[in-house]
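The values are calculated or read from the model by the stated rules, or taken from the named source; none is laboratory data. Just so it is clear, the model here is predicted, and its values are computed rather than measured. For neighbour counting, all protein chains shown are included, and Cβ atoms are generated from backbone atoms with ideal geometry for every residue, glycine included.
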Amino acid sequence: MSSISTDSPTRVAFITGASRGIGRAIALRLAADGRHVVLAARSEGPLRELAEQITASGGKASVAVVDIADSKSLTDGLAKAIAECGRLDILVNNAGVTKDNLMLRMSDEDFDMVINTNLKSAFIACRIASREMMRGRFGRIVNISSTSGIVGNAGQANYAAAKAGLVGLTKTIAREFGGKGITANVVAPGWIETDMTANLPAEVKEGVLKMCAVRRLGTPDDIAGAVSYVTSDGAGFFSGQTLIVDGGMTMA
């Protein structure tokens, strides 16, 4: 991981799940915004490739091999990034897992695994990041939720609970740290074209498209654009909010 000067105006952004899909798009967008992006995920190879792509385009990128399900790995990864970059200004908790099943068939182990990976890891990362952000009296925390956490979804009791929990966690962070120059917001994607949705049955995809006002699935870049705004210097009055990016699917 390359270091940058502590007096550099470059904002440092730590992004989990940055190796593919939405996380990758967020990393590319924030790098284009002039951020030094710390790319965090379990797989080093894709992270190195992405870091090389960003630096070849004139951006700044570092790699942090982190397993967010392992609190020590996450803690050590964040600590190393802060030590080597000299600061942390932006945290994007994007990584997550699914273990779907109908509630009557869902095991305690599968429920706990999703809650710990998707919710507890975000809490740990936010706790570490907020301490560093207070030193510079600037911070942008973004937790990537889901429309499943807003309206629920059959077969996803664990996932929906974790994603809904991120909303409450984020609002609490916004209240606790708002006076320190730190904002906290949720970005909640709807149906996005990723590896997870690539094999949707045609009838399911058709049903989703009918529910979307814009009549298309979202793209990772749609989510990256929302994250770009809420992490910008100009978004200092935008905090404690849930920005639902779903093509109008869940609008009241």
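Which pairs turn up if I take residues in segment 210-236 that are in contact (Cβ under 8 Å) with a residue 24 or more places away in the chain and look for partners that are part of a helix (DSSP H, G or I) and among the small types (Gly, Ala, Ser) with beta carbon separation below 7 Å, at least 6 apart in sequence or on another chain?
220/21; 220/25; 221/25; 223/25; 224/25
Let me confirm something: among 44, 52, 132, 84, which residue is modelled with pLDDT of 95 or more, charged (D, E, K, R) and farther than 24 Å from residue 231 by Cα?
44
Having 2 or more residues that are among the aliphatic types (A, V, I, L, M) and surrounded by 18 or more Cβ atoms within 10 Å (Cβ to Cβ) is the bar; report the helices (runs of 4 or more DSSP H) wholly within segment 114-191 that clear it.
Here the list reads 121-136, 157-177.
Report the residue count in segment 16-71 for those that are charged (D, E, K, R), within 16 Å of the chain's Cα centre (by Cα) and over 23 Å from residue 83 (Cβ atoms).
Number of matching residues: 3.
What number of residues in segment 192-223 are in a helix (DSSP H, G or I) and within 22 Å of residue 23 (Cα to Cα)?
The total comes to 4.
Scan segment 206-252 residue by residue and report those that are surrounded by 14 or more Cβ atoms within 10 Å (Cβ to Cβ), more than 27 Å from residue 12 (Cβ to Cβ) and of a type outside the set (A, V, I, L, M).
Hits for segment 206-252 are 212, 218, 246, 247, 250.
Given (1) touching a helix residue (DSSP H, G or I) at 6+ places or on another chain (Cβ under 6 Å); (2) closer than 25 Å to residue 27 by Cα; (3) modelled with pLDDT of 95 or more, identify the lone condition not met by residue 191.
Unmet for residue 191, out of (1) touching a helix residue (DSSP H, G or I) at 6+ places or on another chain (Cβ under 6 Å); (2) closer than 25 Å to residue 27 by Cα; (3) modelled with pLDDT of 95 or more: (3).
Give the residues of segment 66-86 that are surrounded by fewer than 19 Cβ atoms within 10 Å (Cβ to Cβ) and either small (Gly, Ala, Ser) or free of Cβ contacts under 8 Å to residues at least 40 places away in the same chain (or both), sorted by residue number.
67, 69, 70, 71, 72, 73, 76, 79, 83, 86
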